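Worksheet for the structure shown next.
The values are calculated or read from the model by the stated rules, or taken from the named source; none is laboratory data. Since the model is a prediction, treat every value here as computed from it, not as a measurement. Glycine also receives a Cβ, built like all others from the backbone with ideal geometry; neighbour counts cover every protein chain displayed. Just the protein is used for accessible areas: all its heavy atoms, side chains included, with ligands, DNA and RNA removed. Shrake-Rupley method; radii C 1.70, N 1.55, O 1.52, S 1.80 Å.
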Amino acid sequence: MSFIDFKLLLNVLKDIMEGLESFDKAAWTKEMLHIFCDICIKAIDVGMRPNTHFDKTGWKFLITSFKEQTGHAFTKTQLKNKWDGCKKDWRIWNKLVSETGVGWNSELGTIAASDEWWKQKIQEIRGAKKFRHVGIEPSLKNKFDRMYSNTVATGAYAWASSSGVPAGSDVDPGTSNADIAHDGLEEGSGDSEEDVIPDFQTDMARMLLSRCNHLLESMSTKSDSTSLNMDREGCSIREVMDELHSIPGVSIEDEFHDFATEYLSLRRKREMWASMGDKQQKLRWLQRMYARTKRA
């Protein structure tokens, strides 16, 4: 396989990896989210989340049930990312709705508050901006309460203009932005190793991508080798350096010469040198490259 073929293969693999990483975000619908929440609540109620996360049986139950009800064969990793993302959203939302003087507005689809209030909260709470125009609806909020707190929420979305912290919430009214931003809810967190269900599809793609990267790097290095059989006429190290040394004012004792010996060790740089015209044009080009590295 040629060097170009490997570059094409690498690009295809990168596209696959980007697709795997973005698939869960692109594929989730409102209906699927509610189904996911219902399945999680059922798993919790029957004891499949003994601590802060589902056990192996719980994850298998989620994967199987979700596929049966939606037709989507999501991996454990995708469902875990959704769980973590929803929990982070739920904590941020609880912080927002705990403020006195705000409440849900069904017409707006989010919190009814002034522009000034939103501006302040967006500055105070990382992640609050996403809820400016689309909030967490009451029915979904109640499900999140069941999923992420030890207290079952009662009443129909029990918070209003003077209600304070929503019922069933585990968010302290004094919770700071730092508490929300650094609560350990990074994607993929929260599982012990013994509970991890391998995601073979993603792992294999990553392994293949890694190996191709190493192979591509190796081929790239070889393509820049100093073999005379691979150099174009006038582009070998000896030819280029002889030409450089023949230019008046070039000294092997200065820093510019040190830069040139390293820079022109790559074949593609020597080929560029050869294409620059006469010696003075070549020298000015190399001096510009040197100046650029000094500025960086």
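Summary of computed values
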quantity	calculated
Whole-number D in µm²/s for region 237-294 (Stokes-Einstein; Kirkwood sum over Cα pairs; 37 °C, 0.692 mPa s)	290 µm²/s
Theoretical gain in end-to-end length, GLU233 to GLN281 [0.36 nm per residue, Cα-Cα removed]	15.4 nm
Solvent-accessible area of ARG284 with every protein chain in place, 1.4 Å probe, in Å² to the nearest 10	120 Å²
Packing rank of 72-84, 251-263, where each peptide gets the mean count of other beta carbons within 10 Å, highest leading	72-84, 251-263
Subset of LYS56/LYS129; LYS42/LYS130; LYS60/LYS82; LYS30/LYS67; LYS42/LYS129; LYS60/LYS87 violating a 24 Å alpha-carbon distance limit	LYS56/LYS129; LYS42/LYS130; LYS42/LYS129
